[in-house]
Structures are given as C-alpha cells and as structure tokens.
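J.: Take a look at this one; I'll ask things after.
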Amino acid sequence: MVKNIAIFASGSGSNAVNIYNYFKNFSDMAVVLFVTNNENAYVVKRVENLDIPLFVFTKNGLENFSELQIVLEKSKIDFVVLAGFLLKIPEKMVELYPDKIINIHPALLPKYGGKGMYGGRVHKAVLENKESESGITIHFVNNNYDEGKIIFQSKCAVEKEDTPESLANKIHALEKEYFPKIIASIIQEK
C-alpha cells in the first residue's frame, strides 16, 4: 500500500520540490499534496507545474484545523513533512499524526531552536556565538517548537569567514542530501 505524504511549506519551496522529486520513482510512497499558509510564497510557483494539488490556508485555518483535517483525510495522508513551514502545528494535528509529522531545523537542536528561530536568524545566532559547527536536525513534531524527538543530525564546520549566507548554503546542501533519505527511512520503518 502506498504511503501518502503531504508537504507543508511557507517559503521558497526548494526543499519541498527536492523531496517531491526524490519520491517520484518510489512505488510505495508518494507526495500527493502541497500545503502552504502563504499564497504569495514562491513554493506556490514552484509546484504549479507538478500536477499535485496545493491547498492554501490562513493561520486561523491551521489553528481551527477542521478544514485542513478534511483536506488531509480526503488525500489519505499518512505522513506530514514540514519543509520550511513556519507556523506551529496545532495540538489536534499532532494527536492525529503521532510521530508522523517530520520537521527539519537548520541548526543542531536543542541549540538555536524555538519560536522565531528560523532561516537567517538561526545562522546569524550561530555566527554571533562563534560556534565551531552547525548543521541540520530532522525531528518529529510535538506540541512545542523544535522539541520533538530527534531523528537525525548532520554537522558542518563553521569557518571564521562564514557569513549568514555562506552558512545557509552549507545547511541547504545538507538538507538537500539528507532530508528526503531520512523521510524515506522513517516511512519504511512505520
């Protein structure tokens, strides 16, 4: 039986499309839905030509969850992947998908996580604190920002000459390499 994946994204969607492309040739798992809270996000443009439904909702729509829940159930979603999704997942959704909502964070949690810690803010904080390494953390989502059980981490060196942009490039390379593979391994285990 095919395991259906929904990808939630709030921004450019590069991770979302990378994950979609990775799963295109799988017979037992597939990305069947894209979801965003930002109708102006570049992810909307990226997925236009992919022949996959896109559902757009508001922050209130997420918090109320009823309409989104209907969309997820109609699409028979088994797993949810957060790929640059910035809003907190409601408790009801966490309960509906226990250990089946997977997020990626652009730092080595538990450091540099929590509300408001995303993208360039994380890289800036890592550099300001003169860390020698950073990386990615793939984790399950629970009811607190970035506190779910850690599934996987990968590290990269932080050089003295790094800027938030150069560090972001290193992190994006790790995300591209590892995020789809780890998602696949989690789905195969469940």
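J.: For residues in region 72-87 being closer than 30 Å to residue 120 by Cα and part of a loop (DSSP other than H, G, I, E, B), which is farthest from the chain's Cα centre (by Cα)? So that I can check it myself, show each step before the final result.
T.: Going residue by residue through region 72-87, those that are closer than 30 Å to residue 120 by Cα are 79-87.
With part of a loop (DSSP other than H, G, I, E, B) added as a condition, the list becomes 83-87.
Values: 83: 2, 84: 5, 85: 6, 86: 9, 87: 11 Å.
It comes out as 87.
J.: I'd like to check something: does region 140-148 contain any residue that is farther than 20 Å from residue 101 by Cα, free of Cβ contacts under 8 Å to residues at least 60 places away in the same chain and among the polar types (S, T, N, Q)?
T.: Filtering region 140-148 down to residues farther than 20 Å from residue 101 by Cα leaves none.
Within region 140-148 (the criterion being farther than 20 Å from residue 101 by Cα, free of Cβ contacts under 8 Å to residues at least 60 places away in the same chain and among the polar types (S, T, N, Q)), the answer is no, since none of the residues qualifies.
J.: For region 141-180, name all the residues that are loosely packed, with under 15 Cβ neighbours inside 10 Å, touching a strand residue (DSSP E or B) at 6+ places or on another chain (Cβ under 9 Å) and within 30 Å of residue 92 (Cβ to Cβ).
T.: Hit for region 141-180 is 149, nothing else.
J.: Could we say that residue 17 is more than 18 Å from residue 141 (Cβ to Cβ), β-branched (Val, Ile, Thr), out of contact with any Cys (no Cβ under 7 Å at 6 or more places or on another chain) and not in a strand (DSSP E or B) here? Steps first, please.
T.: Numbers: more than 18 Å from residue 141 (Cβ to Cβ): yes; β-branched (Val, Ile, Thr): yes; out of contact with any Cys (no Cβ under 7 Å at 6 or more places or on another chain): yes; not in a strand (DSSP E or B): yes.
Criteria met by residue 17.
J.: For region 87-103, indicate whether the set of residues that are in contact with an Asp or Glu (Cβ under 6 Å, 6 or more places away or on another chain) and touching a residue at least 40 places away in the same chain (Cβ under 8 Å) is non-empty.
T.: No, there is no match, as no residue in region 87-103 is in contact with an Asp or Glu (Cβ under 6 Å, 6 or more places away or on another chain) and touching a residue at least 40 places away in the same chain (Cβ under 8 Å).
Read-outs: derived from the displayed coordinates by stated rules, not from any lab. On a predicted model such as this, the values are computed, not experimentally measured, just so you know. Ideal geometry is used to build each Cβ from the backbone, glycine not excepted, and the neighbour counts take in all protein chains shown.
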